[in-house]
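Below is one structure, written out as structure tokens, with a few remarks after it.
The values are calculated or read from the model by the stated rules, or taken from the named source; none is laboratory data. Predicted model only: the values in this text are computed from it and were never measured. Cβ placement follows ideal geometry from the backbone for every residue including glycine, while neighbour counts extend to all protein chains displayed.
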Ligand SMILES: Cc1cc2nc3c(=O)[nH]c(=O)nc-3n(C[C@H](O)[C@H](O)[C@H](O)COP(=O)(O)OP(=O)(O)OC[C@H]3O[C@@H](n4cnc5c(N)ncnc54)[C@H](O)[C@@H]3O)c2cc1C
Ligand code: FES
Ligand code: FES
């Protein structure tokens, strides 16, 4: 099936099998390997990208469902080599160890930025309910998200 | 994990979708809404439909509206939309339930209708659908029909939706200024689904007595069900905290599952606790709804 979509602002056309998952399309066809796959059960959030501005688990979306949509992946965040405020805050706050969960954590946190009121730690943790980290114990991730929200 | 190969159809309208389904051999096609239940099942190859009919783009099936004293929720309305819907302010139970369902990414895609159609024995919306006495509206090649919530769940993962039928929307009575509803859930730690989930609605009469209550239960075992023993005990009573608690002491219609997540006794205990909590909050809301 033919699909046409925008990925990180760039128009993309492709012929795909209906069963191709969006995450495989991004990683294997477009070589955007920043989006990770951490589970088989739609639970870990490592594959989180934005579809028309909302965080989704790209392992649980078909590429054909994204036809006509706007996709943003972790590669689309840093404008002209300048780290996105969330990326900078993750670096400063030491919010990653192995880094496997980090792209998903950042893409899931993105929905919290730009709000009038800075979310409290409980809200930040709730926003990250769908993302697992096996290294950090979450403390520094929450601190990084808070820092980025305060600055934005 | 990669699903087995399938054909994919994107109908342009509800009529189109009904026609595509009517053309299929029984048991070969599956309707795709948000995909948050169906795609994980297909990835694990627990399901392998030959055709997916993607109704996810039919915006006519999404949204919340009000007509002749009833609220109407389109089947494709997402959990995230229900979490934030100002139209549902009179029934806080919707935002309360959406807020404890899954995670933000799942809520952004998963739909209200998909959850009811899936009829997972530990899903949250079925309890609310039962407690608010919703009516499901179905559309098939032979036209429209409606099914009351109490007749909708026919077993584990099975509903009254017939082959080829699409759930288009659900209607509920609008708030009447003397009713309140609430949902109380114990999450299963790994999956986040309900180990016990109880939705309760209370309607008060002018003297502050319980004119009517309805209690929907999920997670305990088997299909979601109405706890009618609680409803009957409460009828006509002037509610106090101890009356609410006593009314939940024993629910003979429950048939609790015994599994590695919780044994039957523990589930029975969770049912008592969460039924009491849901009723208590529903009562507070009914009282505060009275002008
Ligand atoms: C990580 C994760 C956590 C979750 N946690 C929870 C939770 O805590 N509580 C909870 O209740 N649920 C939970 N869910 C399930 C979630 O709520 C699903 O979104 C919902 O059950 C299905 O809605 P959907 O739109 O995604 O349906 P789909 O997956 O697209 O479809 C589900 C089934 O319903 C059928 N169907 C869908 N729409 C219609 C329609 N309009 N008419 C007829 N048939 C239809 C499909 O054919 C399919 O059989 C979770 C899911 C995931 C992946
Ligand atoms: S890979 Fe998508 S949720 Fe784990
Ligand atoms: S940093 Fe290793 S999984 Fe989160």
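Rundown of residues vs (1) in contact (Cβ under 8 Å) with a residue 40 or more places away in the chain; (2) more than 30 Å from residue A:39 (Cβ to Cβ), yes/no style:
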{"position": "B:26", "(1), (2)": "yes, yes"}
{"position": "B:30", "(1), (2)": "no, no"}
{"position": "B:35", "(1), (2)": "yes, no"}
{"position": "B:39", "(1), (2)": "no, no"}
{"position": "B:44", "(1), (2)": "yes, no"}
{"position": "B:57", "(1), (2)": "yes, no"}
{"position": "B:66", "(1), (2)": "yes, yes"}
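Could you check residue B:110 against (1) away from ligand 2 (no atom under 16 Å from the Cβ); (2) crowded, with 23+ Cβ neighbours inside 10 Å and say which number it fails?
Among (1) away from ligand 2 (no atom under 16 Å from the Cβ); (2) crowded, with 23+ Cβ neighbours inside 10 Å, the lone unmet condition for residue B:110 is (1).
Working carefully through the options A:26, A:86, find the one that is assigned to a helix (DSSP H, G or I) and either within 16 Å of ligand 3 (Cβ to nearest atom) or under 26 Å from residue A:139 (Cα atoms) (or both). Please lay out each step first, then the result.
On the way: A:26 fails: either within 16 Å of ligand 3 (Cβ to nearest atom) or under 26 Å from residue A:139 (Cα atoms) (or both).
The match here is A:86.
Of everything in segment A:17-31 that's more than 13 Å from chain B (Cβ to nearest Cβ) and surrounded by fewer than 19 Cβ atoms within 10 Å (Cβ to Cβ), which residue is farthest from residue A:62 (Cα to Cα)?
Ranking the candidates gives A:31 first.
At least 2 residues that are more than 16 Å from ligand 1 (Cβ to nearest atom) and crowded, with 21+ Cβ neighbours inside 10 Å in each: list the strands (runs of 3 or more DSSP E) lying fully within segment B:159-252 that qualify. Steps first, please.
Values: elements: B:166-173, B:179-187, B:194-204, B:210-218.
The strands (runs of 3 or more DSSP E) meeting that bar are B:179-187, B:194-204, B:210-218.
Given the options B:176, B:205, name the one that is farther than 14 Å from residue B:93 by Cβ and at pLDDT below 95. Explain how you work it out, then say what you get.
Details: B:205 fails: at pLDDT below 95.
It is B:176.
Of the residues B:88, B:83, which is closer than 25 Å to residue A:109 by Cα, more than 9 Å from every other protein chain (Cβ to nearest Cβ) and either in contact with a helix residue (DSSP H, G or I) (Cβ under 9 Å, 6 or more places away or on another chain) or surrounded by fewer than 21 Cβ atoms within 10 Å (Cβ to Cβ) (or both)?
Details: B:88 fails: closer than 25 Å to residue A:109 by Cα.
Every option except B:83 fails the conditions.
Pick from segment A:43-61 the residues that are within 7 Å of another protein chain (Cβ to nearest Cβ) and buried (at least 24 other Cβ atoms within 10 Å of the Cβ): which of them is nearest to residue B:57 (Cα to Cα)?
Step one: list which residues in segment A:43-61 are within 7 Å of another protein chain (Cβ to nearest Cβ), which gives A:45, A:48, A:54-57, A:60-61.
Now narrow it down to the ones that are buried (at least 24 other Cβ atoms within 10 Å of the Cβ): A:45, A:48, A:55-57, A:60-61.
On the way: A:45: 24, A:48: 21, A:55: 18, A:56: 16, A:57: 18, A:60: 16, A:61: 14 Å.
Going through the qualifying residues, I end up with A:61.
Of these, B:144, B:163, which one is touching a residue at least 60 places away in the same chain (Cβ under 8 Å) and more than 16 Å from ligand 3 (Cβ to nearest atom)?
Numbers: B:144 fails: touching a residue at least 60 places away in the same chain (Cβ under 8 Å).
None of the other options fit; the residue is B:163.
Pairs only if they're at least six apart or on different chains, beta carbon under 6 angstrom, first in segment A:21-44 and on the phi > 0 side of the Ramachandran plot, second within 15 Å of ligand 1 (Cβ to nearest atom); list them, first residue then second.
What qualifies is A:42/A:57; A:42/A:60; A:42/B:40.
Filter segment A:109-146 for residues that are without any contact (Cβ under 8 Å) to a residue 24 or more places away in the chain, more than 14 Å from every other protein chain (Cβ to nearest Cβ) and either in contact with a helix residue (DSSP H, G or I) (Cβ under 6 Å, 6 or more places away or on another chain) or more than 19 Å from residue A:44 (Cα to Cα) (or both) and give the result.
Passing the criteria: A:116, A:117, A:120, A:142.
Which residues, counting only those in segment B:19-70, are within 12 Å of chain A (Cβ to nearest Cβ) and assigned to a helix (DSSP H, G or I)? First the steps, then the outcome.
Of all residues in segment B:19-70, those within 12 Å of chain A (Cβ to nearest Cβ) come to B:32-46, B:48-57.
Within segment B:19-70, B:38, B:39, B:40, B:41, B:42, B:43 meet the criteria.
Hey, residue A:40 hits all of (1) within 16 Å of ligand 2 (Cβ to nearest atom); (2) modelled with pLDDT of 95 or more but one; which does it fall short on?
For residue A:40, the failing item is (2).
Mind counting the residues in segment A:103-119 that are part of a loop (DSSP other than H, G, I, E, B) and within 16 Å of ligand 2 (Cβ to nearest atom)?
Of the residues in segment A:103-119, 0 are part of a loop (DSSP other than H, G, I, E, B) and within 16 Å of ligand 2 (Cβ to nearest atom).
Name the residue that is farthest from ligand 1 (Cβ to nearest atom), counting only residues in segment A:120-135 that are buried (at least 19 other Cβ atoms within 10 Å of the Cβ) and in a loop (DSSP other than H, G, I, E, B). It would help to see each step written out before you state the result.
First, pick out the residues of segment A:120-135 that are buried (at least 19 other Cβ atoms within 10 Å of the Cβ): A:124, A:127-128, A:130-131, A:133.
Next, only the ones that are in a loop (DSSP other than H, G, I, E, B) stay: A:128, A:130-131, A:133.
Values: A:128: 13, A:130: 7, A:131: 11, A:133: 16 Å.
The qualifying residue farthest from ligand 1 (Cβ to nearest atom) is A:133.
Of all residues in segment A:56-77, count the ones that are under 20 Å from residue B:32 (Cβ atoms) and either under 13 Å from the mean Cα position of the chain (by Cα) or in contact (Cβ under 8 Å) with a residue 40 or more places away in the chain (or both). Steps first, answer last, please.
Step one: of segment A:56-77, the residues under 20 Å from residue B:32 (Cβ atoms) are A:56-69, A:71.
Okay, now just the ones that are also either under 13 Å from the mean Cα position of the chain (by Cα) or in contact (Cβ under 8 Å) with a residue 40 or more places away in the chain (or both), so A:56-59, A:61-69, A:71.
The qualifying residues number 14.
Does any residue of segment B:128-140 turn out to be outside any loop (DSSP other than H, G, I, E, B), closer than 30 Å to residue B:207 by Cβ, more than 14 Å from ligand 1 (Cβ to nearest atom) and modelled with pLDDT of 95 or more?
First pass over segment B:128-140, keeping only residues outside any loop (DSSP other than H, G, I, E, B): B:128-131, B:135-140.
Right, trim to closer than 30 Å to residue B:207 by Cβ and you get B:128-131, B:135.
Checking the rest, the ones that are also more than 14 Å from ligand 1 (Cβ to nearest atom) come to B:131, B:135.
Those left that are additionally modelled with pLDDT of 95 or more: B:131, B:135.
There is at least one residue in segment B:128-140 that is outside any loop (DSSP other than H, G, I, E, B), closer than 30 Å to residue B:207 by Cβ, more than 14 Å from ligand 1 (Cβ to nearest atom) and modelled with pLDDT of 95 or more.
Which condition number does residue A:34 fail, the rest of (1) surrounded by fewer than 16 Cβ atoms within 10 Å (Cβ to Cβ); (2) away from every other protein chain (no Cβ under 14 Å); (3) within 16 Å of ligand 2 (Cβ to nearest atom) being met?
So residue A:34 meets the others, but not (1).
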